[in-house]
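Novice: Structure below; questions to follow.
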Amino acid sequence: MSKVHVQTTINGEAVEYLCEPQQSFLDVLREDLLKQGTKEGCATGDCGACSVLLDGRLVCACLMLGVEAEGRTLTTIEGIASDDGLHPIQQKFLEHAALQCGICTPGFIVATKALLDKNPNPDETTIRYWLAGNLCRCTGYDKIVRAVQAAAEELAQEA
Amino acid sequence: MGEFAYVAPATVADTVAVLEEHASAGKRAQVLAGGTDLLVQLRGSDNEPRTIVDIKQLDETNRLDIGADEIFIGAAIASAVLYENEELKALLPGLLESSDLIGSTQIQGRCTIGGNLCNSSPAADTTPAIIVDSGVCVIATNSGTRELPAEDFCTGVGTNVLAPGEFLLGLKFPRPGAGTSDAYLRFIPRTEMDIAVVGVAVNVTLDDTGTCTAARVAIGAVAPTPLMVPAAADALIGTQVDDDALAAAGVRCTEASSPISDKRGTAEYRRKVVAVLCRRAGAIARDRAMGVS
Amino acid sequence: MARIVFHDQLLPATNGEREIEVTVENYRDLLVVLEARWPGIGERLAKSAVAIDGQIYQDAFLEPIAANSEVFFMSRIEGG
Amino acid sequence: MAEAVDYKYIGTSPVRPDGVDKVTGRAQFAADQNMPNTLYGKILRSPHAHANIKSVDVSKALAMEGVYAAVSGADFPGGARGKVGGEGGGDIGDVARNIMARDKALYHGHAVAAVAATSLTIADAALAMIDVEYETLAPVLDVVAAMAADSPLLDATNFTKNLPETPDKPSNIASVTVLTRGNVDEGFEQADVTVEGEYHIPMAHQGYIEPHACTATVNEEGKATVWCSTQGHFEFRSMTSKILDWKVGDLKFIPAEIGGGFGGKTTVYLEPVAVLLSKLAGRPVKMMMSREEVFRATGPTSGSVCRVKVGAKKDGTITAAKAWLAYEAGAFAGAPIGPGAMAIFAPYVLENFHVEAHDVLVNKPKVAAYRAPGAPQSMHAMEIALDDIAREIGMDPLDLRLKNAASEGTRAPYGPKFPAIGFKECLEAAKAHPNYTAPVPEGAGRGVAAGFWFNIGMQSSAEVRINEDGTVIIMEGNPDIGGSRASMCLMAAETLGVDYERVKAYIGDTESTGFCNVTGGSRTTFATGMAVVQACEDIIAQCKARAAATWGVDEDQVEWEDGQAIPAPGVNADVTPMSLADVMASAHKTGGPLLGRASLNASGAGASFSVNFVDLMVDKETGKVDVLAFTAIQDAGTAIHPAYVEGQMQGGAAQGLGWALNEEYIYDADGVMENAGFLDYRVPVASDLPMIDCQIIEVPNPRHPYGVRGVGETPIVAPLAAAANAVRAATGVRINDLPLSPPNILAAIDSD
């Protein structure tokens, strides 16, 4: 099978790879590029564990072909923390015990980043609907919502 | 059995050529827009090799025009992009709501109303709204384009009028005038993330006295295709779109529906709820047309 | 004497006796006594949990059984 | 009842030790394991719910380019029947046949063959080349119909166990459990009111977000290393050894971070297959289930039919209760009927009762544990019956439960008397809770229910090592699903008297730490926590001895206080207290490194009770339910890390509500699950739920050094009936069956 050559940017770094035409970007990320912070929970766009930012917009890596990354800019969970340390969203998830098993956490953090980039001061309902595509089976979402609220406050103070 | 391939033609003509070439060679080709249905299919039972033809590189499929008389929405524009367009949201609130109901935030970042229509699911959220907003499908063909009212597009569960070699460029809508507005409501068991169990879109035009002079009603997930219900529209026209008229329109929707029982709901349930949603959506469309928010 | 109570599933093995009284030092000795009385019952008891004076043991062995102890055999409990 | 104690670290909620890796994507879950040269393993699954397997031919798959191994049932040892060790107690022969069918496919999705290939694409293609000849049989899908004498049989060698007389005909009923006390007929005669009902609950899945995955590598010496997602790697090793007939010592299991389990990762599915494929291929083999496979072929919890009759006097005293339970086991025996039967009446003082429970084979996946296995189904029935009684006699539902509540000394339905328990405390807290005293919102309904779980102890080991600088390493063997490392560190910090930040907890593999039973049964913080505390006490004893040697005094003249060895009161020694760091500084002179250890089979797990109440709004035209408010009250014994205790309560509430409202396995007539994905298996999403208010009650468990009871399972029990009771209150219509999905609610309203 002929593979396709792709040049893209992931977390600010130029990345090249060969992928099968029908391969999902999630498979490429995880199995070929070994950027495994992005998780697979369903591979059908129903759980949000593979949330990434495509040109700044929140998408599921499982619903995007590897070839579609050509010329685009992607951010994964590995690109959220900076050289200065954890992003405030990550810090608040820790402080608020907003994770239990942790498998959905990277997806939630990426989705939260997209939310707060767009809407720095979301109310609870907005947070819950924005994150409705991210399934968490451990927490009942309570502590996640609180962590997002706290992160929004923190970011507002920093700004 | 062939192999998978991916192409992203630069022009409409090239796209049509690729599609026709495959059709004439008996090889499978499939158009990729947002991919939110296609990738699920690849992952599931329909994983046969094919050529994936990406239409996102085309100018035409990315064109969004809000003209004095006409609105054009390219087939590759993601729902989230549409929803961020405040002008469009004010003009076609029901359509935009329907596109904002598809899947999650993540899915809205990719999915398109064109793809939603072409996937031709009976439960597609945007299709009833496209229909009531008098959407016209602009279809690229080997001889240019052809146009078709959206209500005539779907022919069955997962099937539509697109001939081999054709693809949807975008959708045209008449720009709604004063006194015209739309609404779409769907029923799902959760608050998000579900496929519509029932969907109803209503578009009404009211005159200065609040009397309905024109109406379109379409229902989803209650028949093999999204369905226009002229009888429901007739029940609204000439009325103040009051509770009685809405109830009558709801009954017409129930009568027009021929739902199945499946994992998402029973036929009986769908017949009842389509009437409820018709009433509720009709009231919203009425209030919007009257400028009541 | 300690009071020993068998759950219904054990009744076929105890000839229908639901409750007996014995004097033993600990659970291990109890098993010896019961096996002598009803040969083969030990295998069934190994699949049961046991409560000695209110404490549930999945795998009792040397737990003491006092003169006034209550011993209940019960279904094993699993968990998520 | 133990006194409430002021602790320094216990009861605080610091950041978990493994947290940073989990918020940055660094944490290694099972599917994140990578080795050079790895093949991908995939499983071919039965397209029939019930079929004889006439033949399986993998030769064409094996001949394909890029395919390195292919196996079917015939490649596995016959497998002696016998009990699975540890928790659960199923039959290992059944586990072996569940992970790879032999002569019969017993559910749609049952594994029949597997391949290992160089890519996922090739592996998929290879599966399509495997020839399986089936002879299809009528599927048995309904639990009650399955019990009928004329039902088709899943297993013609199954004779119902535990009947007074050995039956002469085989049946689909694997076993029967009976619990009785007093005389129910007389009890019902004393009753002023009786309520009766039949309650149906469909099969439901744990729905952990991480699909099962593992990587196995077998070297030329025949030794295997397996990375996997498991709640108990020691038990996975044991099962794999029995299924493959390998020596335990030839198998090393390394637990990856685990992305949720809730009981569903207490048994093997992939691991023995991966080991066998790797041995045959001579290369590492990685296997990852798809979400669809998780739904079709792992262990959900039993669907059930429960018939319950309860009688009470006008003053609320329950005089008799009777229950008949039938639980789906799935394809192999082992529905949680014992716990279901023992739990149903456990919260109440009851002189006359009779429970008969049936473990029934049906052509559905073999059930696995799911949070308080067996209790939610039966207690749903009882807690609805109590709600109906409360309404009939005009009593507040909390008062009715208080009137009958079990407390210390009450004889539990399963025999023993309860030690100190906190049920009454939970009920009193509920009555006083501002969410309960607040009026029910206009148009909404409020439902109340109680929950209960036994909790278990079992075997645990722990080591505590002190580094040269006095920092502390805990090594134990229970995969951390919900923050247990933090709890271990808190208990160690408290015991040793050192800062939480100076303690780190690690989960060892099967070769680097002592045996631990599964993370399950709410046992980890209780039992493994107990081992950690004992290992810390071992360290303290050693430190005292070292200090005594250093100071030239007797060991009993040294005490341990605030993380230091100090002279006992009255001991006249002019010495400097010795911290862990000080002891370590001279350890080379006083006996070498400090290593504390403990191993135990913990008993004394404390029963945990809960009370939940929920406010729901029902759209009477569509049957849709909105959850307005949820309050969970539970006795945790002692909350070691309160934020994670709340997390357990909130997560259990969400799972319970999901099961109550929309989650269900939907089957077609052929036994094919129609909703094997998160799109139509509808777990709650963030916008479905409100904040979940928690109140932790602390009635310490006297049998744990810090009073821990275990909290993980009880929370899922009460929401089912609480939701049903709220729907009753909101609509006036009693719906006995779950889920309370819109079509079901609307049908009930319209037929009322």
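The values are calculated or read from the model by the stated rules, or taken from the named source; none is laboratory data. Keep in mind the model is a prediction, meaning the values are calculated, not measured. Because the Cβ atoms are built from the backbone with ideal geometry, glycine has one as well, and the counts that use them run over all protein chains shown. Note: accessible area is taken over every heavy atom of the protein model, side chains too, but ligands, DNA and RNA are not part of it. Shrake-Rupley method; radii C 1.70, N 1.55, O 1.52, S 1.80 Å.
Novice: Name every residue in region A:70-121 that is facing another protein chain (nearest Cβ under 9 Å), within 19 Å of A:E158 (Cβ to Cβ) and among the polar types (S, T, N, Q), in order of residue number.
Specialist: Within region A:70-121, A:Q90, A:Q91 qualify.
Novice: Of the conditions (1) touching a Ser or Thr at 6+ places or on another chain (Cβ under 8 Å); (2) open to solvent by 10 Å² or more (accessible area, probe 1.4 Å), D:D315 clears all except one; give me its number.
Specialist: Answer for D:D315: the failing condition is (1).
Novice: Turning to a different aspect of this structure: Can you name the residue in region D:340-386 that is among the acidic types (D, E) and more than 19 Å from D:K424 (Cβ to Cβ) and, of all such residues, is least open to solvent (accessible area, probe 1.4 Å)?
Specialist: Only one residue tops the list, namely D:D359.
Novice: Regarding region B:178-186, can at least one residue be identified that is among the acidic types (D, E), in contact with a Pro (Cβ under 8 Å, 6 or more places away or on another chain) and either over 30 Å from A:T125 (Cα atoms) or crowded, with 21+ Cβ neighbours inside 10 Å (or both)?
Specialist: yes
Novice: Could you check region C:13-30 and list, in sequence order, the residues that are crowded, with 18+ Cβ neighbours inside 10 Å, of a type outside the set (S, T, Y) and assigned to a helix (DSSP H, G or I)?
Specialist: Once the filter is applied, which keeps residues that are crowded, with 18+ Cβ neighbours inside 10 Å, of a type outside the set (S, T, Y) and assigned to a helix (DSSP H, G or I), region C:13-30 yields C:A13, C:L30.
Novice: Still on this structure: Hey, could you check region B:83-96 for residues that are touching a residue at least 12 places away in the same chain (Cβ under 8 Å) and surrounded by fewer than 22 Cβ atoms within 10 Å (Cβ to Cβ) and say which is farthest from B:N116 (Cα to Cα)?
Specialist: B:E87
Novice: Answer with yes or no whether D:G591 is on the phi > 0 side of the Ramachandran plot and either surrounded by fewer than 18 Cβ atoms within 10 Å (Cβ to Cβ) or within 13 Å of chain A (Cβ to nearest Cβ) (or both).
Specialist: Yes; evaluated as a whole, the condition is true for this residue.
Novice: Here is a follow-up. Just to be sure, is B:Q41 touching a strand residue (DSSP E or B) at 6+ places or on another chain (Cβ under 8 Å) and outside the structural domain of B:I107 (by TED's automatic domain parsing)?
Specialist: No, not satisfied.
Novice: OK, next. Could you tell me which numbered condition D:F253 fails, if it satisfies all but one of (1) on the phi < 0 side of the Ramachandran plot; (2) assigned to a loop (DSSP other than H, G, I, E, B); (3) surrounded by 20 or more Cβ atoms within 10 Å (Cβ to Cβ)?
Specialist: (2)
Novice: Identify all residues within region B:1-59 that are under 29 Å from B:D125 (Cβ atoms), open to solvent by 50 Å² or more (accessible area, probe 1.4 Å) and of a type in the set (K, R); write none if there are none.
Specialist: Across region B:1-59, the qualifying residues are B:R28, B:R43.
Novice: Looking at D:S512, is it open to solvent by 10 Å² or more (accessible area, probe 1.4 Å), among the polar types (S, T, N, Q) and modelled with pLDDT of 95 or more?
Specialist: In short, yes.
Novice: While we're here: Please enumerate the residues belonging to region B:258-277 that are open to solvent by 10 Å² or more (accessible area, probe 1.4 Å) and either over 19 Å from B:V229 (Cβ atoms) or among the charged types (D, E, K, R) (or both).
Specialist: B:S261, B:D262, B:K263, B:R264, B:T266, B:E268, B:R271, B:K272
Novice: In the list B:T126, B:T141, B:T145, B:T105, which residue meets the criterion of being more than 16 Å from the chain's Cα centre (by Cα) and surrounded by 20 or more Cβ atoms within 10 Å (Cβ to Cβ)?
Specialist: Just one listed residue meets the conditions, B:T105.
Novice: Only residues that are more than 9 Å from chain B (Cβ to nearest Cβ) and either under 16 Å from D:D750 (Cβ atoms) or surrounded by fewer than 17 Cβ atoms within 10 Å (Cβ to Cβ) (or both): list them for region D:618-627, please.
Specialist: Hits for region D:618-627 are D:V618, D:K620.
Novice: Right, another one. Does region B:156-169 include one or more residues that are closer than 29 Å to A:A49 by Cα and at pLDDT 95 or above?
Specialist: Yes, there is a match, as at least one residue in region B:156-169 is closer than 29 Å to A:A49 by Cα and at pLDDT 95 or above.
Novice: Looking at D:R703, is it in the same structural domain as D:I421 (by TED's automatic domain parsing), open to solvent by 10 Å² or more (accessible area, probe 1.4 Å) and more than 30 Å from D:L496 (Cβ to Cβ)?
Specialist: In short, no.
Novice: Taking the criterion of being open to solvent by less than 10 Å² (accessible area, probe 1.4 Å), assigned to a strand (DSSP E or B) and either out of contact with any Asp or Glu (no Cβ under 8 Å at 6 or more places or on another chain) or aromatic (F, W, Y) (or both), would at least one residue in region D:637-656 satisfy it?
Specialist: Within region D:637-656, none of the residues are open to solvent by less than 10 Å² (accessible area, probe 1.4 Å), assigned to a strand (DSSP E or B) and either out of contact with any Asp or Glu (no Cβ under 8 Å at 6 or more places or on another chain) or aromatic (F, W, Y) (or both).
Listed here are the residues, each with its yes/no results for (1) assigned by TED's automatic domain parsing to the domain that holds D:M379; (2) modelled with pLDDT of 95 or more; (3) not in a strand (DSSP E or B).
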site	(1), (2), (3)
D:Y269	no, yes, yes
D:P272	no, yes, yes
D:L280	no, yes, yes
D:R283	no, yes, yes
D:M287	no, yes, no
D:K309	yes, yes, no
D:A320	yes, yes, no
D:A329	yes, yes, no
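Novice: Something else: Is it true that D:G187 is open to solvent by less than 40 Å² (accessible area, probe 1.4 Å), away from chain C (no Cβ under 14 Å), assigned to a strand (DSSP E or B) and touching a residue at least 60 places away in the same chain (Cβ under 8 Å)?
Specialist: no
Novice: Taking the stated definitions as given, is D:D693 open to solvent by 10 Å² or more (accessible area, probe 1.4 Å), at pLDDT 95 or above, acidic (D, E) and not in a loop (DSSP other than H, G, I, E, B)?
Specialist: yes
Novice: Among B:G34, B:G44, which is the only one that is facing another protein chain (nearest Cβ under 9 Å) and under 17 Å from the mean Cα position of the chain (by Cα)?
Specialist: Unique residue meeting the criteria: B:G34.
Novice: Can I ask one more? List, please: which pairs have Cβ atoms under 6 Å, are six or more places apart or on different chains, and start with a residue in region D:509-531 that is assigned by TED's automatic domain parsing to the domain that holds D:M475 and end with one that is among the basic types (K, R) and buried (at least 24 other Cβ atoms within 10 Å of the Cβ)?
Specialist: Listed pairs, sorted by first residue: D:T510/D:R237.
Novice: Then there is this: Pick out the one residue from D:V611, D:V571, D:V575, D:V532 that is aliphatic (A, V, I, L, M) and in a strand (DSSP E or B).
Specialist: D:V611
Novice: Would you pick out the residues in region B:242-269 that are touching a Ser or Thr at 6+ places or on another chain (Cβ under 9 Å), outside any strand (DSSP E or B), within 9 Å of chain D (Cβ to nearest Cβ) and not hydroxyl-bearing (S, T, Y)?
Specialist: B:E268
Novice: As an exercise: evaluate C:A67 against (1) more than 21 Å from D:G521 (Cα to Cα); (2) within 11 Å of the chain's Cα centre (by Cα); (3) open to solvent by 40 Å² or more (accessible area, probe 1.4 Å) and give the number of the one condition it does not meet.
Specialist: The one condition C:A67 does not meet is (2).
Novice: Checking the structure you have, find out if any residue of region A:48-58 is touching an Asp or Glu at 6+ places or on another chain (Cβ under 8 Å) and either free of Cβ contacts under 8 Å to residues at least 60 places away in the same chain or facing another protein chain (nearest Cβ under 9 Å) (or both).
Specialist: Checking region A:48-58: at least one residue is touching an Asp or Glu at 6+ places or on another chain (Cβ under 8 Å) and either free of Cβ contacts under 8 Å to residues at least 60 places away in the same chain or facing another protein chain (nearest Cβ under 9 Å) (or both).
Novice: Now for a different question. For a quick check of your reading: which strands (runs of 3 or more DSSP E) sit entirely within region B:130-229 and have at least 1 residues that are more than 25 Å from B:S24 (Cα to Cα)?
Specialist: Once the strands (runs of 3 or more DSSP E) in region B:130-229 are filtered for at least 1 residues that are more than 25 Å from B:S24 (Cα to Cα), what remains is B:136-141, B:144-149, B:167-174, B:180-187, B:198-206, B:212-220.
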